[in-house]
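J.: Structure provided below as C-alpha cells; questions to follow.
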Amino acid sequence: MKKFFLLVFFIEMAYTVAYADSLIVEEAQGPVEILKKDTSDWVAVQKGFKLEAGDKVKTGDSGTASVLISQGKVTLGEKTEFGVVNYTLRRKDLEATFELLLGKLRIKIDKLSKRSRIQILTPTSLVSVFESSLDLWVYEYLGAIFTRVEVSKGLANLLDPETGDQVDVLAGQYSTGGKGGVTKSKPVVSVVDTYPPPANIAKPPLVRPPVQVPQPLRVEIPKESVTSKTNQSKGSGG
C-alpha cells in the first residue's frame, strides 16, 4: 500500500512538471514573432516554442498562431499583440493571466478544476474565462478602444476595472461591457474575420447644417416724403 501511494505521488509530481510550462506554440503561419522576457529583439516563432510569463507574441498581416495550454488552446488572429502575464499549474489547478493589447483571439477551454482561474487583460476590460469557447477582440472604433467578447459555448465574465460594471456573457451572446449588458448575436464569426462593430454603443449624432432664418425686410422711407405728407394734411385741414 505504501508503494502505491508513493507511485501516485510521483505520477502527480510528473503531471505538475510536465504541464507547469506547457504553453507551447502548436502552429505558426505567416509573420509571427516573439519577444522573450528580459530581451529587446523580436524573433520569428517556430512550432514547438515554449512561452513563459513575461513573453509577448505578435502577428502581422495574414499571420496566425495557436498556443496549447494545459486545459485548452488559444488561437491568435492576424495583427494581434498577445502576452503571458502569469501561468502556474499546481497539480490540476491552473492560474493563468494573459493579455490582449490589440487584435483578436479565440480561446477554448475544455475542463477546469474548481480552483482554476483563467483571465485575459485588455486595455479596457478584464475577461474571466470558464469552461467555454469564445472570441475576443480589441480594436479601435470611432476614436475609442473597445473590448468585445462573443461566446459560442459556456460562459464568460466581462469586467470594467474603472467603473466596476460587469456582465456575464452566455453562449450565443456578445458584449462590449458597460451598463448596456449583453446582446444576442448572430452566429459567432471566425477569428480571422474583420473586426465587428461594438455592441451597446450609440450611433454618432447626425450633424445637420444650421437653418438660415430669413430676416424681415426693412424699408427705409425718406424723411422728406413724411414731412411733405404732414404739411399737406395741415393745409387741407385749414
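Every number here is computed from the coordinates shown, using simple stated rules; none is lab data. As the structure is a prediction and not an experimental result, all values here were calculated from the model. Cβ coordinates were reconstructed from backbone atoms using ideal geometry, including for glycine residues, and neighbour counts include every protein chain displayed.
J.: Within the range 20-56, what residues put their amide N at less than 14 Å from the label point 7 Å along the Cα-to-Cβ vector of Ser62?
T.: 29-32
J.: Listing Glu78, Glu95 from the residue with the fewest other Cβ atoms within 10 Å to the one with the most, what is the order? Kindly include the intermediate steps, with their values, before the conclusion.
T.: Working: Glu78 19, Glu95 14.
Least crowded to most crowded, the residues run Glu95, Glu78.
J.: With the cut-off at 22 Å, tell me which of the pairs Lys56/Lys79; Lys36/Lys114; Lys36/Lys73; Lys37/Lys153; Lys73/Lys114 have Cα atoms farther apart than that.
T.: On the way: Lys56/Lys79 13 Å; Lys36/Lys114 31 Å; Lys36/Lys73 20 Å; Lys37/Lys153 33 Å; Lys73/Lys114 19 Å.
As for pairs spanning more than 22 Å Cα to Cα, those are Lys36/Lys114; Lys37/Lys153.
J.: Could I ask something else about it? Fewest to most neighbouring Cβ within 10 Å: what's the order for Arg148, Arg90, Arg117, Arg106? Before the final figure, lay out each step's value.
T.: Details: Arg148 26, Arg90 11, Arg117 14, Arg106 20.
Ascending number of Cβ neighbours within 10 Å: Arg90, Arg117, Arg106, Arg148.
J.: Quick one: Trp42, Trp137, fewest Cβ neighbours within 10 Å first, how do they rank? Mind showing how you got there, number by number?
T.: Working: Trp42 13, Trp137 25.
The most exposed by this proxy come first: Trp42, Trp137.
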